[in-house]
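*Asks:* The structure that follows is given in the form of structure tokens.
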Amino acid sequence: MNDSTTVADAGTQAPLFRARGLSKVYRTGEVEVQALRGVDLDVARGEFIVLLGPSGSGKSTLLNILGGLDTPSAGDMQFAGRPLTGAGEAELTTYRREHVGFVFQFYNLIPSLTVRENVALVTDIARDPMPVDEAVELVGLAPRRDHFPSQLSGGEQQRVAIARAIAKRPEVLLCDEPTGALDYQTGKLVLEVIARINAELGTTAIVITHNAAIAAMADRVIHLGDGRIQRIEVNARKVSPAELSW
């Protein structure tokens with residue numbers, strides 16, 4: 001598959017992410033698992049991308065490498081023109097802290113802290129954080145800001161996790177199955193928050209999902225299989241979360 005089918009045209013602006021030949025091999029004893037096989041990808045600033053593919057296709061590995069949580073076995077990756085390949089753990093920690101917000105399927109909130117206090121944990125280490133109440137307001141939880149996680153629904157807890165991720169004003173928001181543990185209506189509320197952050201703050205959003213319906217929200221849909229990009233679809237029209245059904 002040549003580059004014209006796997007690498008996005010980012011126009012005249014330099015891409016936020018530029019990956020070339022990314023491969024990842026995991027070894028357990030004598031067993032090798034090839035999680036990525038020569039992935040080429042450009043991601044433009046402000047894009048909304050959905051990664052689709054079956055379990056074992058390489059989605060989470062790719063997301064983790066983009067987020068600096070993992071490193072490739074081979075290949076080259078740059079963020080905003082800066083090479084990340086070969087970066088040490090201290091440099092990757094700084095990269096994650098200053099540039100990347102993460103949202104996972106499970107919320108990882110601290111039970112003994114209120115909504116505001118959970119979000120404030122990130123603002124304490126960020127360079128230029130937004131006010132805590134602003135982040136909480138962005139995800140629609142201002143009336144619940146003094147509640148503890150046990151007093152919130154699953155969808156509300158996930159929105160706290162998103163507020164925590166965006167409070168440090170990251171350039172990119174990486175979401176791994178953010179609606180995987182939620183029901184239909186609650187999942188759509190969470191997707192509305194992610195879409196709003198992408199549209200209003202210009203935050204680049206990359207979302208892993210098994211739910212093909214969510215792909216209609218994206219600027220581009222990247223289909224992975226067997227560690228490779230199988231195809232990329234460009235949506236002529238992005239659908240709002242309220243229009244989604246599955």
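Just so you know, all these numbers are worked out from the coordinates, no wet-lab data involved. What you are looking at is a predicted structure, and each value in this text was computed from that prediction instead of being measured. Cβ atoms come from the backbone with ideal geometry, glycine included; neighbour counts cover every protein chain shown.
*Asks:* How high is the relative contact order of the stretch 35-125, in percent, with contacts defined as C-alpha pairs under 8 Å that are six or more residues apart?
*Replies:* Relative contact order of the stretch 35-125: 18 percent.
*Asks:* While we're here: Please work out the Cα center distance from the stretch 18-54 to the stretch 68-135, rounded to the nearest Å.
*Replies:* Computed from Cα coordinates, the inter-centre distance equals 19 Å.
*Asks:* Just flag the trypsin sites (Lys or Arg not before Pro) in the stretch 117-184 sitting in loop per DSSP whose Cβ has no more than 12 other Cβ atoms within 10 Å.
*Replies:* Taking the stretch 117-184 and a limit of 12 other Cβ atoms within 10 Å, the loop trypsin sites (Lys or Arg not before Pro) found are Arg127.
*Asks:* Please check: in the Gaussian network model of the chain (C-alpha springs, under 10 Å), which one of Thr71, Thr203, Thr186 has the largest mean-square fluctuation.
*Replies:* The residue that fluctuates most here is Thr186.
*Asks:* Kindly put Thr28, Thr85 in sequence by how many other C-beta atoms sit within 10 Å of each C-beta, fewest to most.
*Replies:* Lowest to highest Cβ neighbour count: Thr28, Thr85.
*Asks:* Now for a separate question. Compare the peptides 90-97, 222-229, 191-198 by average per-residue count of other Cβ atoms within 10 angstrom and give them in order, highest first.
*Replies:* 191-198, 222-229, 90-97
*Asks:* How many angstrom lie between the Cα centre of the stretch 212-246 and the Cα centre of the stretch 136-189?
*Replies:* Measuring centre to centre over Cα atoms gives 22 Å.
*Asks:* Compute the length gained on full extension between Ala14 and Arg127: take 0.36 nm times their separation in residues and subtract their Cα-Cα distance, giving the result in nm to one decimal.
*Replies:* 38.3 nm
*Asks:* Next question, about the same structure. Expected output is a single nm value to one decimal: the length gained when fully extending between Tyr184 and Leu113, i.e. 0.36 nm times separation in residues minus the C-alpha distance. What is it?
*Replies:* Gain on stretching Tyr184 to Leu113: 22.8 nm.
*Asks:* Residue separation times 0.36 nm, minus the C-alpha to C-alpha distance between Asn235 and Ala80: what's the value?
*Replies:* My answer for the length gained is 53.4 nm.
*Asks:* To the nearest 20 debye, what is the magnitude of the charge dipole of the stretch 102-170 about its Cα centre, counting +1 on the Cβ of each Lys and Arg and -1 on the Cβ of each Asp and Glu?
*Replies:* 160
*Asks:* Please give the charge dipole size of the chain, origin at the Cα centre, charges +1 on K and R Cβ atoms and -1 on D and E Cβ atoms. Round to the nearest 20 debye.
*Replies:* Its charge dipole is roughly 100 debye.
*Asks:* Another one. Along the charge dipole of the stretch 1-146, Cβ charges K/R +1 and D/E -1, which of Val33, Leu92, Pro72 sits furthest on the positive end?
*Replies:* Val33
*Asks:* Hey, got the dipole for the stretch 132-227? About the Cα centre, +1 on K and R Cβ, -1 on D and E Cβ, debye to the nearest 20?
*Replies:* Here the stretch 132-227 has a charge dipole of around 100 debye.
*Asks:* With the contact rule set at Cα under 8 Å and sequence spacing of 6 or more, what percent relative contact order holds for the chain?
*Replies:* 26
*Asks:* Per the helix-only calculation at 222 nm, which mean residue ellipticity applies to the chain, given -39500 (n - 2.57) for every DSSP H run of n ≥ 4 and division by its residues, nearest 500 deg cm²/dmol?
*Replies:* So the helix-based figure for the chain works out to -8500 deg cm²/dmol.
*Asks:* State, as an integer percentage, the relative contact order of the stretch 190-246 based on alpha-carbon contacts under 8 Å between residues 6 or more apart.
*Replies:* This gives 34 percent for the stretch 190-246.
*Asks:* Near the amide H of Val39, under 5 Å away, which other amide H atoms are found, from residues 5 or more places off or on another chain, if H is placed in the peptide plane?
*Replies:* Placed amide hydrogens put Gly21, Leu22, Ser23 under 5 Å from Val39.
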